[in-house]
Amino acid sequence: MADTSSNDAFVEFERVQKSYDGETLVVKDLNLKMPKGEFLTMLGPSGSGKTTCLMMLAGFETATHGEIKLDGRPINNIPPHKRGIGMVFQNYALFPHMTINENLSFPLEVRKIGKSDREAKVKRALDMVEMGDFGGRRPAQLSGGQQQRIALARALVFEPELVLMDEPLGALDKQLREKMQFEITDLAHRLGITVVYVTHDQTEALTMSDRVAVFDDGRIQQIAPPDELYESPQNSFVAQFIGENNTLEGTVKELSENLALVELDDGEVIDCMPVNVNKVGDRTKVSIRPERVEFQKDRLQEGAHLLKATVKEFIYMGDVFRTRLSVAGNDDFIIKSRNAPDQVRLKPGEQIEIGWLPQDCRALDA
Amino acid sequence: MSDLKSTGPQTADAPTPEDALHEAAAYAAREQVHAPGGPADGPVLAADGTPLKRSLNRALRRQKMRALALIAPLLIFVLLTFIAPIADMLFRSVENQIVSETLPETVVALADWDSEAGAPPAEPVFAALYVDLFFAEAQKLHTRLGTRLNYEKTGVSSLFRKTGRRVGRFDTDTYTDQITALDPGWAEPATWVAMMQNNGNRAALPLTARAWDRWTAYLASEGDDPAKEDIEDVLFTTLYLDLVATGGSGAADARIAQAAAAVGGFETVTLSEQFAAADKDWLDPEVWGTIKAFAPNYTAGYFLNSVDMQKTPHGIEARPENQQIYMMLFKRTIFMSIMITLSCILLGYPVAWILANLPTRTANLLMILVLLPFWTSLLVRTSAWKVMLQQQGVINDTLVWLGIVADDSRLVMINNQFGTIVAMTHILLPFMILPLYSVMQTIQPTYLRAAKSLGATNWTAFWRVYFPQSVPGIGAGSILVFILSIGYYITPEIVGGTTGTFISNRIAYHISSSLNWGLAAALGSILLAVVMLLYWVYDKIVGIDNVKLG
Ligand SMILES: Nc1ncnc2c1ncn2[C@@H]1O[C@H](COP(=O)(O)OP(=O)(O)OP(=O)(O)O)[C@@H](O)[C@H]1O
Ligand SMILES: [Mg+2]
């Protein structure tokens, strides 16, 4: 993906730490480089420090340690209003006492842009979000989705190069969300702006972003394009957090460059890809995606290790079948199979054998 | 605290008065939506076939009745203790029955007198006054009337008091003597009692009949029997006057006809001379003009007084320069109330801002400090200011000690406007801070952040984004403080001296010292009107639904 050599990094966090109370670090050692034009999503559970990072970038919080650079310049000492960063707040923060037009021309007025110019820009911004007819209304007279669009237009109207969005779609229903997700990415790409987007909805993160930074415990656990993140999680947190995931626990028996033999707790041995294990004898969590598990022998590689499984439950979900198995003492092992004419429908109580390609089974940290 | 026009969620199941209001408002809103170009196919029907509107109205009415029942105790309480006194006060400011009740004959007799002619009225008016004053003196009402008329013309009070002492000793016994000489029966009370029961006699002697009725009523109120009390000179005077006027025609008693035949040769008493002898002011047409001007039952006189005008026999005119005080007091009251409100805004706004932006725990702690003044007696706080500000007080002592002020030119900070404004600002400050605080609490900090992220400096963000949203708080606080201060009494009384007193101090003076309740009521009514006017202006400019208490 993007080349992140320090020369052309547009946004850069360098060993940034943040503490509110002087006792605990909310952000621990954050390092991040973003090229211009990238759509980066910060994804993570509640309280993992996403908003804090955004606020430090916007200038509303100061980093306790480390440096934040924008376009190569350190911005720690630039006040927020001089940073020229557009921001969409979670609750939109549209000024309730101003009309939509006034809201949009506010950033232009404080930049001392002439009246006619201002009106043209406001109109263009409103048209861009398809809200051209609503200029005379107050924010309270708009629906949530409309307010969201106005907030977006307001953050873009003064043509910032960097736009921050803090869970802007949190308050919308599913359908509107999906529509807005598309509109936001479309706009961002059309205008070529750099976006830092915060969410704790992983679907949103995966569908919208160029890269996703997974936050936990004040650290970036992994930063990668969506497909890489899903298919090659670097640790068990990311594996658990992104998408559905099966976990088996065990001990590394043999370790080579591309293959690790892991002995599960009930004595069975499986082939895995070593990702986050260092030596024989390490405890590990093995992660397999439900759709990568096979139970029809003809589809498996010769010599693959097989595991015995008991079918517990079969769930018909339309496009896929979801089957819950009991495997190696884990009763919540899920497999997913596509609903095709030749697909087998398993019945509860059935004894089967399952397997997978070694590269789909990742041995991660315990 | 709640929004004056709360829109909060209705959580309780029980109907509250607000419920009904909300429903009604919502209903009105729905109606408005449907009114223009509503469905053309007749009214919407409810499930039971009645028009939807009617069944909705019925449901609403029930709710409203329940709401009304809930607020009834308070409503009755307020009616009795607040609305009724105010109505009474408004009434007192125009009520003026004392003249026509105390001097009924005079008022009627004066109707034809021309106050512009420059001459005192004719003899019959004096005769009427003689009758009225006799009874007024008997009931000790003449001093009250004198006091009342003295508000309008100085000297009338002593005139009435002086004349009241003399009225029993007028030379009218001349008539008594001459009439009883004709027939000794006239001296018998029983004769009069019998005579006055006959309608023919009463018609022949109208003035006497009216005087007799007042006489018997007076005796009854004293617990005396008219048949046993000696007949007073005044009744013989009225008898004489009636006989001269009507000739006693139509009277049933022979005694009356006999007297009527004789009165032509009587020695007469000129009552105007009698009054002039008691006090020569009775010949002054101004006195009579005043009585005539205030004869009606209702008068604008109190209100005219309240705005430094007066009603004279010659019409409405300004009071003499040296008696003009109320307009100045009104202006001062309003000016100082505005100053107090402004200083409350200036001092209270930053405090409310800090309170609203602190963590709740700290804010609550500091809130106690704001509320602390409420827990100390008003008198104590005001007196404390006296100690602080007086010339030998703490502040002056400190300034002298620091050498900023010379010992012989200590600052005068109390018993003037400055002291009043300082003390009242302190006392009323919580009323500004509380609404400001609760409004500011609802302004989310993200608005300021949003403004800054859009490029506004701290000041612009505050002025363009935060301040407009806090205006409802300023409005609510200002209305509270202004209305409280415009009617404030204790503090200006204690620290106001002569230059710092308010109109309310004058009202209190008229209520408790000068006992001119009518004037006090008029002043109070004007104050009320001023407050309502300001409220109305505020509503026009800012909009009263913009006032938020939380
Ligand atoms: N102003 C503050 N003062 C003290 N602690 C704070 C403050 N703001 C946030 N925190 C703490 O910092 C941590 C990270 O907060 P942050 O708001 O960055 O989380 P987040 O990742 O945005 O979570 P969410 O998804 O719920 O919005 C949390 O533990 C929070 O309690
Ligand atoms: Mg957050």
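With each label modelled as a point 7 angstrom along the Cα→C-beta vector, the A:TYR316-B:ILE83 pair spans 7.1 nm.
Projecting the Cα atoms of B:ILE83, A:GLY144, A:PRO358 onto the charge dipole of the protein assembly as shown (Cβ charges, centred on the Cα centre) puts A:PRO358 farthest toward the positive pole.
Take A:59-70, A:148-159 and order them by the average number of nearby Cβ atoms within 10 Å per residue, most first; the result is A:148-159, A:59-70.
Starting from 0.36 nm per residue, how many nanometres of slack lie between A:VAL269 and A:ASP173 once their C-alpha separation is accounted for? List each step's numbers first, then the result.
Working: separation 96, 0.36 × 96 = 34.56 nm, distance 4.55 nm.
Stretched fully, the A:VAL269-A:ASP173 segment lengthens by 30.0 nm.
Go through the range A:121-226 and name the GluC sites (Glu not before Pro) that are in a DSSP coil and have 15 or fewer other Cβ atoms within 10 Å of their Cβ. Sparse-neighbourhood loop GluC sites (Glu not before Pro): A:GLU130. Dividing the Cα radius of gyration of the protein assembly as shown by its Kirkwood radius returns 1.25 for Rg/Rh.
Put a plus charge on the Cβ of each Lys and Arg, a minus charge on the Cβ of each Asp and Glu, and nothing anywhere else: the dipole of the protein assembly as shown about its Cα centre is then about 1440 debye. Taking each DSSP H run with n ≥ 4 as -39500 (n - 2.57) and averaging over every residue of chain B yields -20000 deg cm²/dmol at 222 nm.
Taking all Cα pairs closer than 8 Å and separated by 6 or more residues, the relative contact order of chain B comes to 17 percent. Hey, how many Å between the Cα centroid of the range A:186-215 and the Cα centroid of the range B:351-370? Taking the Cα centre of the range B:351-370 as reference, the centre of the range A:186-215 is 40 Å away. Magnitude of the charge dipole for chain A, about its Cα centre and with charges confined to Cβ atoms of Lys, Arg (+1) and Asp, Glu (-1), is about 1420 debye. Where Lys and Arg each count +1 and Asp and Glu each count -1, what net charge lies around B:SER100 among other residues with Cβ under 13 Å from its Cβ? Net charge in that neighbourhood comes out at -2. Using the rule -39500 (n - 2.57) for each DSSP H run of four or more residues, divided by the residues of chain A, the 222 nm mean residue ellipticity is -7000 deg cm²/dmol. For chain B, the alpha carbon positions stretch 112, 91, 43 Å along the principal axes, listed from largest to smallest. Axis of helix B:503-512 versus longest Cα principal axis of chain B: the two differ by about 40°, to the nearest ten degrees.
Below 8 Å between Cα atoms, with a sequence gap of 6+, how large is the relative contact order for the range A:78-219 in percent?
The normalised contact order for the range A:78-219 reaches 30 percent.
Using the Cβ of A:GLU178 as centre and a radius below 13 Å, the other residues enclosed give a net charge of -2, where K and R count +1 and D and E count -1. Going through the cross-link list A:LYS33/A:LYS82; A:LYS174/A:LYS285; A:LYS28/A:LYS82; B:LYS140/B:LYS280; A:LYS121/A:LYS174; A:LYS33/A:LYS112, which pairs have a Cα-Cα distance over 29 Å in this structure? Flagged as over cut-off: A:LYS174/A:LYS285; A:LYS121/A:LYS174; A:LYS33/A:LYS112.
For the range A:212-279, the set of chymotrypsin sites (Phe, Trp or Tyr not before Pro) satisfying both a DSSP loop assignment and a count of at most 12 other C-beta atoms within 10 Å is empty. Pairs A:LYS36/B:LYS452; A:LYS297/A:LYS347; A:LYS69/A:LYS123; A:LYS279/A:LYS308: which are spaced more than 25 Å apart, C-alpha to C-alpha? From the list (A:LYS36/B:LYS452; A:LYS297/A:LYS347; A:LYS69/A:LYS123; A:LYS279/A:LYS308), the Cα-Cα distance tops 25 Å for A:LYS69/A:LYS123; A:LYS279/A:LYS308.
Placing +1 on each Lys and Arg Cβ and -1 on each Asp and Glu Cβ, with no other charges, gives chain B a dipole about its Cα centre of roughly 3700 debye.
Under Stokes-Einstein, with the Kirkwood radius over Cα pairs as Rh, the value for the range B:92-237 at 10 °C and 1.306 mPa s is 95 µm²/s. Taking the centroid of alpha carbons for each part, the range A:294-366 and the range B:421-467 are 62 Å apart. Full extension of the chain segment joining B:ARG210 with B:VAL471 gains 87.2 nm, where the gain is 0.36 nm per residue of separation less the Cα-Cα distance. In the range A:11-236, carbon and sulfur make up what percent of the accessible area (probe 1.4 Å)? In the range A:11-236, the share of accessible area belonging to carbon and sulfur is 45 percent. Farthest toward the positive end of the dipole of chain A, out of A:LEU126, A:VAL27, A:SER337, is the Cα of A:LEU126, where the dipole comes from beta carbon charges about the Cα centre. Per residue, the solvent-accessible area of the protein assembly as shown (1.4 Å probe, heavy atoms of protein chains only, all protein chains present) comes to 49 Å². Reported to the nearest whole Å, the Cα centre-to-centre distance from the range A:8-69 to the range B:286-324 is 81.
Over chain A, what is the relative contact order in percent, taking alpha-carbon pairs closer than 8 angstrom and at least six residues apart?
Relative contact order, chain A: 15 percent.
Loop-located GluC sites (Glu not before Pro) in the range B:266-373 (DSSP state not H, G, I, E or B) with no more than 16 neighbouring Cβ atoms inside 10 Å: B:GLU267.
Each label was represented as a point 7 Å from its Cα along the Cα-to-Cβ direction; for B:GLN391 and A:TYR20 these points are 5.8 nm apart.
Solvent-accessible area lost on pairing A with B (1.4 Å probe, both sides summed) amounts to about 1800 Å². Working note: Cα atoms of the range B:326-546, range along each principal axis, descending, whole Å: 63, 49, 29.
The values are calculated or read from the model by the stated rules, or taken from the named source; none is laboratory data. Here the structure is a predicted model, which means the values were calculated and not measured. So basically every Cβ, Gly included, is an ideal-geometry build from the backbone, and we count neighbours across all protein chains shown. Keep in mind that these areas ignore ligands, DNA and RNA; they rest on the heavy atoms of the full protein, side chains included. Shrake-Rupley method; radii C 1.70, N 1.55, O 1.52, S 1.80 Å.
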